[in-house]
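Below is one structure, written out as structure tokens; comments come after it.
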Amino acid sequence: MPSVIELPGFERLLEICLIRAHPLKLEPPLAPSRRAEDSVAGQPMDPQLAAIHSRAGYLWIRGELFLLPLRHERRPDLHRVNAHWRRDWEEPFGSLLVFAKDDRLAYCYATVPELADAEGLQPVVWVDVYESLYAIPVASSVDRFLATYARYLEVAPSSSADSADLPPPRTFPWDAADLIARDEVLVRRIQAGHFDHLLQANTRAREWVAHRLGAGVRR
């Protein structure tokens, strides 16, 4: 019997949303027979991502992000989105595995299968599809990404829908550098140049990673 993968980051994210009364939608997972898959659009499924789909069919956090369902008749799902993604984008971006999206804009969160560690865990990048395509490393694993996002929500300024003086909008990852930099495994991988090929197209991204995450990026 396979061991159960612990997901403290996923659990913490749900807890923070509950504590802060942040609107979310959490739907039950598909039946086991419908999610026993080892790959998505030809890319290996990350084990933590698979574990999340064993616990939730869909997660939406208002104004923040949503996790793509594994399969869905009406919503964009993991398989269809990634099949289109691989057709639309050339390498090295075509081999990313998109698993979540910004709730307001077209930014994506994706794993990098080619950079999987010895346990099969894939690091996570934030992808900007608006300009020349580039990606910023944000976590050493899927669950670490969710843990970082939980901290990001935890320190968010409180606001009321009735307030005339709402706090300025925040943007991830740009306003979460201090939290992302706590991921020592990620920082070491950045320093080793593992993400250089995803950063080269954007000077702002290279400089932000180098100066805000405390990790040198080769130019």
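The values are calculated or read from the model by the stated rules, or taken from the named source; none is laboratory data. The shown structure was predicted, so the numbers you read here are calculated from the model rather than taken from an experiment. Cβ sites come from the backbone with ideal geometry, for glycine too, and all protein chains shown count toward neighbours. Keep in mind that these areas ignore ligands, DNA and RNA; they rest on the heavy atoms of the full protein, side chains included. Shrake-Rupley method; radii C 1.70, N 1.55, O 1.52, S 1.80 Å.
When exposed loop sites are taken as GluC sites (Glu not before Pro) in a DSSP loop with at most 16 other Cβ atoms within 10 Å, the longest stretch of the chain clear of them is 132-219.
Rounded to the nearest angstrom and ordered from largest down, what semi-axes does the equivalent ellipsoid of the range 1-95 get from its C-alpha gyration tensor (root of 5λ)? Equivalent-ellipsoid dimensions as semi-axes: 24, 18, 13 Å. Taking amide H positions as modeled 1.01 Å from N, with prolines and chain starts lacking one, the residues under 5 Å from Tyr107 and 5 or more places away or on another chain are Asp102.
Taking label points 7 Å from Cα along the Cα-to-Cβ direction, Arg204 and Asp175 give a separation of 1.5 nm. Computed on protein heavy atoms with a 1.4 Å probe, the accessible areas place Leu14, Leu153 in the order Leu14, Leu153, largest first. Based on C-alpha pairs under 8 angstrom that are at least 6 apart in sequence, the chain has a relative contact order of 16 percent.
Full extension of the chain between Ala156 and Arg87 yields a length gain of 21.1 nm, computed as 0.36 nm times the residue separation minus the alpha carbon distance. Of the solvent-accessible surface of the chain, computed with a 1.4 Å probe and all protein chains present, 51% belongs to carbon and sulfur.
Using only the Cα atoms of the range 94-161, build the gyration tensor, take square roots of its eigenvalues as a ≥ b ≥ c, and label the shape rounded, prolate or oblate: rounded if a/c is under 1.5, else prolate if a/b is larger than b/c, else oblate.
oblate
Could you tell me which chymotrypsin sites (Phe, Trp or Tyr not before Pro) in the range 25-100 are loop residues by DSSP with no more than 16 other beta carbons within 10 angstrom of their beta carbon?
Loop-located and lightly packed - Trp89.
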